[in-house]
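Taking it in order: structure first as structure tokens, then the write-up.
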Amino acid sequence: MLDLAPRPGELEAIETASRDELAFLQLERLRASLLRAYEHVPFYRRSFDDAGVHPADCRTLEDLRRFPFTTKADLRANYPFGMFAVPRERVVRIHASSGTTGLPTVVGYTRHDIDVWADVCARSIRAAGGRPGDVVHVAYGYGLFTGGLGAHYGAERLGCTVVPVSGGITERQARLIVDFRPDVIMVTPSYMLAIVDELVRQGVDPRGTSLKVGMFGAEPWSDEMRREIEERLDMHAVDLYGLSEIIGPGVACECVETKDGLHVWEDHFYPEVVDPASGEVLPDGERGELVFTSLTKEAMPMIRYRTRDLTRLLPGTARTMRRIEKVTGRSDDMLILRGVNVFPTQIEELILRTEGLSPHFQLVLARPGRLDELTVRVEARPDAAGADMRLRAEQLLERLVRDNIGVAVAVDVVEPDVLERSQGKAQRVLDLRET
């Protein structure tokens, strides 16, 4: 793989500023964001008043922990525009979640917010190894989902050539990679694997494509998955983090020269990690739930938003800003099987350590009797021929899950190309239990 580390002078000054300089800027912006929320969003005025705090009480960054959390339920309770801090006429764009589990969560952006979003996405693409003039293939979905347009504006801001493919039509994705010769692809990791399979089907060697960098986000993925993608494509696989409630993609990104966790762009987003049960702020280095406060958003400031993503905060390496460890899962996606916490990424890591198994899998929850049972349904690799090899793979994976996670599961190895391919976020869990 190519050396894509930044050259002297390519970074913004704030990326290498001292922690003291960064903290001074953060406190200034934090105080302004708290005041904006309190003065212009009735929800925040009530929330702060009920908690007995006022924006003026924030005199240090540590004082932020005195302020109440914001949750997805709060956004839904104020649907559609109740969280906006500016008149609707100043909102130049609206995005929203799918709303598959209830009312969608709506987010709005002023012109200034769109500029900030483009800036942090451009910074992320550069951190991942992209450069002005590169061709960027954007396979995140466009529309109400923030992924496609966030990546698109960031790539344009950096000075790249954007191919706005969006998600789906996998045959066309593969053909355009061959024909347009992109340098960077931005897509979910699970859909990248579907594209790789399609390249192979078309007779194309994935390692021979023009791709230098893949920026993968929108779903948790493991380091085993990184190794799988980098080996199959001979390119850098870099983690990208974001969520629409905070701004969209570009909240944090790995740096290609280290790939050791995602540097949070702390000049715009202030991170905390809290105990998921008590809400107490945890010291850096301890794993818990990630919480974000926006520092520069105008249309919809977010104060202590509980992401439900599980990670820990670590010191900066390639940049001054702190890192978040690769997200291992979500507190609300966690499966509890006979008292044991199980995350899909844990299963994924073990699958990719098992000879003969592909990264395409699904976790099937059922309750045939009084207890829940979990079946890992996973595709065999095309070269894993024969019932004996598949039986050995089943037995090995069952043992790995039992020894590493501490729970008994069934494993069902199926033929290649049996499981439905995701064109966006992978749907890893199929819950067949009666409620």
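The values are calculated or read from the model by the stated rules, or taken from the named source; none is laboratory data. Just so it is clear, the structure is predicted and the values come from calculations on it, not from any experiment. All Cβ positions, even for glycine, are placed from backbone atoms using ideal geometry, and neighbour counts span all protein chains on display. Only protein heavy atoms, including side chains, enter the accessible area calculation; ligands, DNA and RNA are left aside. Shrake-Rupley method; radii C 1.70, N 1.55, O 1.52, S 1.80 Å.
For the pair ASP412 and LEU35, the difference between a 0.36 nm per residue extended length and the Cα-Cα distance amounts to 130.2 nm. Taking every alpha-carbon pair within the chain, the share separated by more than 38 Å comes to 23 percent. Principal-axis analysis of the Cα atoms of the chain puts helix 189-201 at an angle of about 40° to the longest axis. Sorting the segments 46-57, 217-228 by their mean number of nearby beta carbons within 10 angstrom, highest to lowest, gives 217-228, 46-57. What is the percent carbon and sulfur in the accessible area of region 1-155, measuring with a 1.4 Å probe over the protein chains and ignoring ligands? It is 55 percent, rounded to a whole number. Listed values for region 309-315 are Karplus-derived 3J(HN,Hα) couplings in whole Hz (6.51 cos²θ - 1.76 cosθ + 1.60, θ = phi - 60°), namely 7, 9, 6, 9, 8, 10, x, and x replaces Gly and Pro. Between the beta carbons of ARG46 and VAL340, assuming R0 = 51 Å, the FRET efficiency works out to 0.80 to the nearest 0.05.
What the chain shows is 42 Å² of accessible area per residue, with the surface traced by a 1.4 Å probe over protein heavy atoms. Counting 0.36 nm for each residue step from LEU365 to ASP223 and taking away their Cα separation leaves a gain of 48.6 nm. Where a Cα-Cα gap under 23 Å defines reach, which lysines qualify for LYS212, not counting those fewer than 8 residues away within the same chain? List returned: LYS259, LYS326, LYS425.
Taking 0.36 nm per residue of separation and subtracting the Cα-Cα distance, full extension of the segment from ARG433 to LEU61 would add 129.4 nm.
Carbon and sulfur atoms: what percent of the 1.4 Å accessible area of region 248-375 do they account for?
The nonpolar share, carbon plus sulfur, comes to 45 percent.
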